[in-house]
Structures are given as C-alpha cells and as structure tokens.
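Worksheet for the structure shown next.
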Amino acid sequence: MANWSDPRPTAYAAQTQAHSAAFDAGLRAYMLSVYNYMASAVLLTGLVAMGFSWGYENSYAYQVLSSGGPLAWLIMLSPLAVVFAMSLGQNRMSTGTMQALFWGFAVLMGLSLSTVFLRYTGESIATAFFATAAGFAGLSLWGYTTKRDLSGFGTFLIMGLVGLIVASLLNLFFQSNTMSLVIAGVGVLVFAGLTAYDTQKIKSMYAYVAGTDMMGKVVIMGALNLYLDFINMFLFLLRLFGSSRN
C-alpha cells in the first residue's frame, strides 16, 4: 500500500490558525481603541475641571455652581442628557456624531466635576485618582482575561446601581453622614464589579461587529461605559477617604 498522507487536515489547521491569529489581532486593536477613547476622555475631563475651578473661591466654577441658578443645574444635568441621547440614538446616529457627543460629554463632565477641586484637597484628589486607576486597570484586565462568564452578575450589579440611586436620593432629605459613607462604600464595590463586567461585555461584542459599520459606534459606547465606571469609582473613593478643604 502506498505511504501517503492527506494534506487536507493540515491545510485546514493552518487556515484555522491564521483566522484565529487575525481575530486576536483585530480584537486587540478594537480594545486598544476603546481604552484610548476612555483614557483621553478622562484626561480631557480632568483638564476642563481644573481649568474651570482655577482660583478656588474666585473661580467662575465657584460663582456659578454655588449660585444654584439655572446655569448650575444645566451644567450638572447636561451630561446625563448626552448619555441618554447616545444610548437611545446610537443606531440612527453616524459614527462622527457619536464621536462629537462623546467629546462634548467629556467636556460637560469636566465642568460638572469642577466642584471636586473646590471641595477636596489636591492630595486627596491625587490619591483617589491613582487608587482608582490601579483598581480599574486590575479589574479591567481580569474582566478581559477571565474564562468565567460574568453575565450572571449583570442583573445583580444593575440592581445594586438602582439601589444606590434610590439611597442617594433619600439621603438628600435625611443628610446622614453614616448613610453617605455606606453609600460610598457600596458604590465602590458596584462600580468595581461593573468595570470587570463591562470589559468582558465589550470584548464579547467584537465577534458581532468586526468588519461592520457598527464597530466605530460600539467602540465609543464601550469607552463611555468604562469612563462612567472609572469616574464613579473615583468619586465614591473620594467621598470615602477624601479630605475637605474646609
């Protein structure tokens, strides 16, 4: 009997390996785009917040936001309006429109968060920021690399987020320092979990949008979700451990 081997299995294995390598390279580029958008937005927000609060009590931020007037409410609520617009209209909007809204959102958040520089010491802000950055990096890396399916935690985390919102609204009336600390502690845990969950969810989306017109929009929305996780974790940590200027 002739000694021969069928080349088809070898060719199929090589083709599969090449496809897998191309997919992995595309996935890495996709996730890098998400992180670049997210990190750039955080930087832009920080610069705007610092600039808007420059001069502390003599700053324009202090005069506007302490007045409680219509402009103050517009600054505080407009980022929420942009998030809703992006979430509800992403299928109808172009990628360019989504990008413009994303960068506009980062600027509006900087205006809104300028009160952080008026309320807390620079050392507290720096400590909370670097602690958040370290925690975010570790949690996002775990969410990206873990083989465990985190989708089951999604409902639990969303319930925790709703509970945080309700508790925060109630505490506006009760003004309890203890309750404020409890809310901040729970908030750190919820957004820590959301960081890992959202990272895995964003990663899984690549298989569905690779090579389509939707990928640019998905990158922007993924960056927005991770941005919100980072900012909220930072604010809750600052509330827990930050030192007031007064």
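Taking Leu194 as the residue in question, decide whether it is surrounded by 16 or more Cβ atoms within 10 Å (Cβ to Cβ) and either in contact (Cβ under 8 Å) with a residue 12 or more places away in the chain or closer than 26 Å to Gly104 by Cα (or both).
Criteria met by Leu194.
Take Gly96 and decide whether it is free of Cβ contacts under 8 Å to residues at least 24 places away in the same chain, within 17 Å of Met38 (Cα to Cα) and surrounded by fewer than 19 Cβ atoms within 10 Å (Cβ to Cβ).
Yes: the conditions hold for Gly96.
Against the condition of a type outside the set (Asp, Glu) and modelled with pLDDT under 85, how does Thr45 come out, does it pass?
Spelling it out, it is not the case that Thr45 is of a type outside the set (Asp, Glu) and modelled with pLDDT under 85.
Yes or no: Gly68 exposed (fewer than 15 other Cβ atoms within 10 Å of the Cβ) and at pLDDT below 85?
It is true that Gly68 is exposed (fewer than 15 other Cβ atoms within 10 Å of the Cβ) and at pLDDT below 85.
Select from segment 212-226 the residues that are in contact (Cβ under 8 Å) with a residue 40 or more places away in the chain and under 22 Å from Asp24 (Cβ atoms) and list them in ascending order.
Met215, Gly216, Val219, Gly222, Ala223, Leu226
Evaluate segment 22-31: report whether one residue or more is more than 19 Å from the chain's Cα centre (by Cα), exposed (fewer than 11 other Cβ atoms within 10 Å of the Cβ) and either more than 19 Å from Asn232 (Cβ to Cβ) or at pLDDT 80 or above (or both).
For segment 22-31, residues more than 19 Å from the chain's Cα centre (by Cα), exposed (fewer than 11 other Cβ atoms within 10 Å of the Cβ) and either more than 19 Å from Asn232 (Cβ to Cβ) or at pLDDT 80 or above (or both): present.
The values are calculated or read from the model by the stated rules, or taken from the named source; none is laboratory data. This is a predicted model, so every value here is computed, not measured. No Cβ is skipped: glycine too gets one built from the backbone with ideal geometry, and neighbour counts run over all protein chains shown.
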